[in-house]
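Input: a single structure, listed below in structure tokens.
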Amino acid sequence: MTIPEPRLIPGELLARLARFGRVYLLDSVTSTNDHAFSLADRREPAIVLAERQTAGRGRFRRVWYSDPDSLTFSLLLFFDDPDDPALRQLTQLVALSICRAIETRAGLKPGIRWPNDVMLDEGKVCGVLCEQRKDAVAVGCGLNVNQPGFPEELGLPDAVSLRMVAGREFEKLELLDSLLAGFHRALDEARTDRLPALLADIRSRSAILHRRAEIRTLFRRHIGTVVDIDSEGRAVLRTDSGRLVVVNSGQVRSVRCS
Ligand code: BTN
């Protein structure tokens with residue numbers, strides 16, 4: 001049996017992360033989102049980090065691959081007000097904060113493939129899964145950080161890591177610290193008159209706005225040009241027949257991210 005190397009995390013870095021919630025560092029877990037919800041009765045914000053997930057999931061119940069080179073975590077948050085504007089925009093605010101953290105730490109320019117993918121060089125570098133149970137929300141993120149590549153047998157042809165694009169490795173928890181600081185700032189701003197500026201930044205980073213896209217929802221498929229990501233975080237598509245369609249959530253295909 002091989003004994004795993006202990007992970008040494010500087011106390012100072014841990015203290016920085018702990019500004020945003022109680023920190024749980026796990027070696028292996030089914031899904032960090034599930035673990036986050038299991039803590040909900042404590043009524044305190046939490047950050048659940050795992051090196052591995054045995055049942056990580058993506059949107060539409062897809063299996064989500066993660067390994068120790070990924071930054072895999074969930075934030076447990078509580079929203080007293082169901083009409084909180086930050087809640088309506090949550091996935092977009094997370095995606096924006098991931099883009100900004102990558103830009104700050106890696107000097108790269110990621111884009112948002114609405115609603116929940118962060119893209120680099122036409123590859124997916126991060127997926128976001130926000131789930132809600134009553135007033136508790138788990139914001140789950142899987143960010144590919146230090147993978148040298150993705151073996152073909154994983155079947156992830158569009159996956160890319162920061163290392164693959166930047167040509168160097170990153171300290172995952174420093175990235176997380178930037179991401180959390182930016183995300184909490186964005187949450188606060190979303191509740192003020194700074195919201196339009198946030199929405200403008202989300203739009204400016206969109207990999208689908210003003211482009212032709214195919215958006216698949218559970219029951220339908222829409223093809224056309226994306227004309228807006230609206231103030232509710234929805235995609236507005238002008239179909240080829242000239243109809244405007246507003247989509248809450250879906251899977252985007254056939255787009256290129258420059
Ligand atoms: C997607 O692109 O479909 C979303 C992927 C979200 C994956 C993250 S990894 C951490 C958290 N735990 C999970 O089981 N899923 C999310």
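Summary table below
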| read-out | value |
| --- | --- |
| Residues being hydrophobic (A, V, I, L, M, F, W, C), more than 10 Å from the ligand (Cβ to nearest atom) and buried (at least 18 other Cβ atoms within 10 Å of the Cβ) - total across the range 24-49 | 4 |
| Test: residue in the range 135-151 that is touching a Gly at 6+ places or on another chain (Cβ under 8 Å) and either buried (at least 22 other Cβ atoms within 10 Å of the Cβ) or closer than 19 Å to ARG62 by Cβ (or both) | yes |
| Matching option when the condition is modelled with pLDDT under 95, within 14 Å of the ligand (Cβ to nearest atom) and within 30 Å of GLY149 (Cβ to Cβ), among ARG52, ARG62 | ARG62 |
| GLY224 among the small types (Gly, Ala, Ser) and under 16 Å from VAL247 (Cβ atoms) | yes |
| Selection from the range 151-168 of residues that are part of a loop (DSSP other than H, G, I, E, B) and in contact (Cβ under 8 Å) with a residue 24 or more places away in the chain | LEU156, ASP158, VAL160, SER161 |
| Qualifying residue in the range 71-94 (condition: among the hydrophobic types (A, V, I, L, M, F, W, C) and within 15 Å of LYS172 (Cα to Cα)) | yes |
| Considering residues of the range 88-127 that are part of a loop (DSSP other than H, G, I, E, B) and on the phi < 0 side of the Ramachandran plot only, the residue nearest to the ligand (Cβ to nearest atom) | ASN116 |
| Those strands (runs of 3 or more DSSP E) lying entirely in the range 169-258 with at least 1 residues touching a residue at least 60 places away in the same chain (Cβ under 8 Å) | 221-229, 235-239, 251-253 |
| Flag for THR72 being buried (at least 23 other Cβ atoms within 10 Å of the Cβ) and under 13 Å from the mean Cα position of the chain (by Cα) | yes |
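The values are calculated or read from the model by the stated rules, or taken from the named source; none is laboratory data. Since this is a predicted model, take the numbers as computed values, not measurements. Cβ atoms come from the backbone with ideal geometry, glycine included; neighbour counts cover every protein chain shown.
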